[in-house]
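Where a number appears in this text, it was derived from the coordinates with a stated rule and is not lab data. Every value quoted in this text rests on a predicted model; they were computed, and no experiment measured them. Positions of Cβ are backbone-derived with ideal geometry, glycine not excepted, and every protein chain shown enters the neighbour counts.
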Amino acid sequence: MRSSGRRLLAAVIGGTLVLAGCGGGDGGDGESRARPKNTAMAGVSGKSAPQQPVPRGKGSKVPDDFNGDGARDLVLDALAHRGQGDDAGIGVVYGTKHGLAPGARQLLSAHANGARTKGELPAAFESEASCDLDQDGFTDLLVSTDPPYDGQGQPPVPLQILFGSPAGLTGKAVKLQVPARARLGNDWADQPVCGDFDGDGAHDLVLHASGAHLTYLRGPFTSKGAPRAAGKPLAAPGNELVTGAPAVDVNGDGYDDLVVRTEARASKGSVVLGGPKGPNRTGVLLPAATEVAFGTFGRGKGLDAALAAPGGIALRYDVPGTARGALDVRDAGLNAADLDGDGRSELVVTGGGPGEVWVHRGRASGLAANATATVVPSRVGEGTVQVLKVADFDGDRRADLVVRTAWGQGRDRVEVYPGRAGAQGPVSRKVGVTFSTEGFD
């Protein structure tokens, strides 16, 4: 994206990991739910699933629940888009109590949903983070845009907010307001991380600032995108934020924490601890890595960490405990969540082989060294495989694995593999839901 001049670092630091740490789900009642039948959309079977209305909700505390009906929804940025230009927009598939419903889908675009800057619509429109910023029971979506900028002085804030509602994400976005006192230097105010860093129950935002500083915006936010409060930028042991999911309480003190790195590549990182005044204390130092995933992999009381390091996946138990163990996988992508419902997190790894997703099961002694499940997404010919999300979509208190296989820009398939309890777990080999993003329009 032009506004940031770099690709944001993707990692998992929460969301599903909060679920995994407490052995529960996202608002489920613990009962087994019926699985939806496989559903196809254009590009897989040549037919589109009939368009369904977005279920109307009354508000919930479930993560990524944009319409507030108590079911988690799925955001997709990389859409199959033949003849739709470089940026097809953001796709949303809404959930039901039985799981994702591909027919209840939505396409968000700069033209239809973006806020203008100096009369111009944004050239880019990409999802960055999601949380309930205004405390109304409907998750909101932070979108990164590319506002006009002549390269002189401090650039405009590239982030916009699409607020959730009973009908989901509708209408025009509003620009995130970052007071001048909360900015530093001429870097872009981007890389948003959601979390309750001051422990008051409202979601806050932390953004990138210049010179090893962070911009801290206290929630809740107004409908015009303004924070409740914002002070001077906070000094930090780096300002490359590890983004991609909400923050997580690493040390169990009731305040969310976040991870920063010194550079936008494999570099040493640090956990920045939240507190009554926000994220202003440096915690444990982390070795050089490209991605970090927190979860409860063993029997310890605290969260454990898996780090995608240049030499493989480094494991650290009971952060800030001593490093122990490693997995021999290079260039790995990491996700973590409780797939089998036993209260311990599994580590989901991509990069072990072309088109393969490896699952290392959590045990009392720590992560299994060998993968207990290998998912090879069904596909026609070769394709690029990406894990989109590991989270509970059907309310059975077990996370599900969402995998996308893409063949260029024009064809793709998204498959949901349900989490599975017992000795045969932790992931079902049978796909629960399948669809293509070609059906978004």
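First select every other residue whose beta carbon is under 15 angstrom from the beta carbon of K172; then total the charges, Lys and Arg +1, Asp and Glu -1. Surrounding charge for K172 is +1.
Here the Karplus curve 6.51 cos²θ - 1.76 cosθ + 1.60, taken at θ = phi - 60°, turns the phi angles of region 359-369 into couplings of 10, 9, 7, x, 9, 4, 8, x, 5, 5, 5 Hz, with x standing for Gly and Pro.
Do you know the relative contact order of region 84-128, to the nearest whole percent, from alpha carbon pairs under 8 angstrom that are 6+ apart? Mind dumping the intermediate values first?
Values: 50 pairs, mean separation 15.8, N = 45.
Value for region 84-128: 35 percent.
In order along region 159-164, phi translates into HN-Hα couplings of 9, 10, 10, 9, 7, x Hz, rounded to whole numbers, per the Karplus curve 6.51 cos²θ - 1.76 cosθ + 1.60 with θ = phi - 60° and x for Gly and Pro. Set against the 2.2 N^0.38 Å expectation for a compact globular protein, region 49-164 has a Cα radius of gyration ratio of 1.15.
Partners of K301 within straight-line reach, counting lysines whose Cα lies under 18 Å from its Cα and excluding those fewer than 8 residues away in the same chain: none found.
Please give the peptides 137-144, 152-159 ranked by average Cβ packing (other Cβ atoms within 10 Å per residue), highest first, as a rough proxy for protection.
In decreasing order of mean packing, 137-144, 152-159 become 137-144, 152-159.
The peptide list 189-197, 230-238, put in order of mean Cβ contacts within 10 Å with the highest first, becomes 189-197, 230-238. Relative contact order of region 330-441, taken over Cα pairs closer than 8 Å and 6 or more residues apart, is 21 percent. Using every pair of distinct Cα positions in region 157-222, the Kirkwood expression returns a hydrodynamic radius of 13.0 angstrom. For q values of 0.18, 0.19, 0.23 Å⁻¹, compute log₁₀ I(q)/I(0) with the Debye formula on a Cα-only model of region 344-441, without solvent. So the normalised log intensities work out to -0.82, -0.91, -1.24. Using only Cα atoms, what Kirkwood radius does region 98-248 have, in angstroms? Computed over region 98-248, the radius equals 15.9 Å. Cross-link partners for K175 among the aspartates and glutamates, with Cα-Cα distance under 17 Å and sequence neighbours closer than 8 places in the same chain left out: E120, E126, E128, D132, D134, D140, D146, D190, D204.
Taking K and R as +1 and D and E as -1, what net charge do the other residues with C-beta under 15 Å from the C-beta of G278 add up to? Residues near G278 contribute -2 overall.
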